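Have a look at the structure below before the remarks.
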Amino acid sequence: MDAADHAAPGYNNGNRAFIQSFMARGTLTLREAKPILAAIFSVESDSLVEPADVTQEDLESYISAAADAVSPLDYDIRTTQHQVTKERVWAFVNSISDPLTQMATIRTTEETFYIKRFLDAMFITYNTRRREVMAINSMQALEAKIRKAGKETAAEEGTQSQAPDKGVTAEQAETLLKSLAEEGWISRSRENYYTLTPRALLELKSWLFATYNDDEIEEPVDPNEPDGPKREKWQPIKQCKACREIITIGQRCADLACTVRLHDICEAGFWASRKGVKKCPECSTAWDGKHYVGQKAVTTTEEYLKGKRRSGVSKKRPAEPSDSEEEEVEAETSTMGSRRTRTRRASSSSDSEEDE
Ligand SMILES: [Zn+2]
Ligand SMILES: [Zn+2]
């Protein structure tokens, strides 16, 4: 691309180098931008500028010049905070094309359909009023129903006389997920849950609302009384009450009917602005901070913790590197087996202490 044609006065090689480096990554944080800008400043001033000398203001001025240069090319630069680390992230977003194209341009048709089913699973199947996971684990991502087209989809394709969607193999799905992670669209947690990254949320924001939410924003409090009192409707894509950004990881009101959600990173400021009274601003239910949005909606449940003890998911922890095989055999067995596992693991951990 040649952004120079649209450039503002004063736009120079440093700005060009910055855009190239930014576009190659797709996203940028201040931490990542510091060495890039330090190198540019060093060349421009012909003296060594250290990354530590680069400020947020420096970055913002380069981002604003870059945004002006790329907007005629239908690109926006948008920014958000990482939902967990709070780090500010800037991303290039194509402002007109179908956002799925951004994730899918270099993919096969089958891979593109897989990505759509992967997102459907994340925001429909595993995102219910009771359990707003909005993440899918690595096993779910490889299930046949996500890898292969459903019957209706296949029929639909057929009538349009397109090539039928043959789906992807487990191996292809794994390779694709790996490359989506490398390109910064999805990230995989230690517990093996995939979530959308800030980059994907910035790119897909309007698409997610349009695809998964209803236009109807209210629902009757009592389903048997459609004309009775109304309340805000539960919708698959939700916003944080404090920052109004999409929330896929954070906290929810303890009342399942209530739609108030808060990012963990927004919580402290939100309560401070309400004199520390931790009550839901909509329904006044006490806010216990123990009702979750995201993988914790699963990983904090008793059934998950029990399953984890049985199946030895914790073998991934570096502290217990050699236990895996035995634990997997015992995973087949019942409560008795689980008790055995725990006993054995307790003894194995004391063994390793002796080794040290
Ligand atoms: Zn927030
Ligand atoms: Zn509430």
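The values are calculated or read from the model by the stated rules, or taken from the named source; none is laboratory data. Because the structure is a prediction, the values reported are computed rather than measured. Note: ideal-geometry Cβ built from the backbone for every residue, glycine included; neighbour counts use all protein chains shown.
Among the residues making up the stretch 64-94, those that are small (Gly, Ala, Ser) and surrounded by 14 or more Cβ atoms within 10 Å (Cβ to Cβ) are Ala65, Ala66, Ala67, Ala69, Ser71, Ala91. Selection within the stretch 227-241: residues that are touching a helix residue (DSSP H, G or I) at 6+ places or on another chain (Cβ under 8 Å) and away from ligand 2 (no atom under 14 Å from the Cβ). The member of this set that is farthest from Arg199 (Cα to Cα) is Gln235.
Number of residues in the stretch 172-204 that are over 8 Å from the mean Cα position of the chain (by Cα) and in a strand (DSSP E or B): the value is 2.
May I ask you to verify whether Cys258 is out of contact with any His (no Cβ under 6 Å at 6 or more places or on another chain) and either within 16 Å of ligand 1 (Cβ to nearest atom) or within 21 Å of Thr299 (Cβ to Cβ) (or both)? For Cys258, the condition - out of contact with any His (no Cβ under 6 Å at 6 or more places or on another chain) and either within 16 Å of ligand 1 (Cβ to nearest atom) or within 21 Å of Thr299 (Cβ to Cβ) (or both) - is not met. Of the residues that make up the stretch 267-288, is at least one assigned to a strand (DSSP E or B), within 24 Å of Asp222 (Cα to Cα) and within 14 Å of ligand 1 (Cβ to nearest atom)? No, the stretch 267-288 has no match at all. Within the set Thr112, Thr80, Thr85, the sole residue that is under 30 Å from Met139 (Cβ atoms) and assigned to a strand (DSSP E or B) turns out to be Thr80.
Summed over the stretch 255-308, the residues that are of a type in the set (A, V, I, L, M) and either away from ligand 2 (no atom under 16 Å from the Cβ) or surrounded by 18 or more Cβ atoms within 10 Å (Cβ to Cβ) (or both) give a count of 9. Scanning the stretch 153-171 for residues that are modelled with pLDDT of 80 or more and in a helix (DSSP H, G or I) gives Ala170, Glu171.
Check whether at least one residue in the stretch 224-235 is exposed (fewer than 14 other Cβ atoms within 10 Å of the Cβ), of a type in the set (Gly, Ala, Ser) and under 19 Å from Asp98 (Cα atoms), and report yes or no. So far as the stretch 224-235 goes, no, none of its residues is exposed (fewer than 14 other Cβ atoms within 10 Å of the Cβ), of a type in the set (Gly, Ala, Ser) and under 19 Å from Asp98 (Cα atoms).
Scanning the stretch 214-252 for residues being under 28 Å from Val298 (Cβ atoms), more than 25 Å from the chain's Cα centre (by Cα) and in a strand (DSSP E or B) gives a total of 2.
Filtering the stretch 212-248 to residues that are touching a residue at least 60 places away in the same chain (Cβ under 8 Å) and more than 16 Å from ligand 1 (Cβ to nearest atom) leaves Tyr212, Trp234, Pro236.
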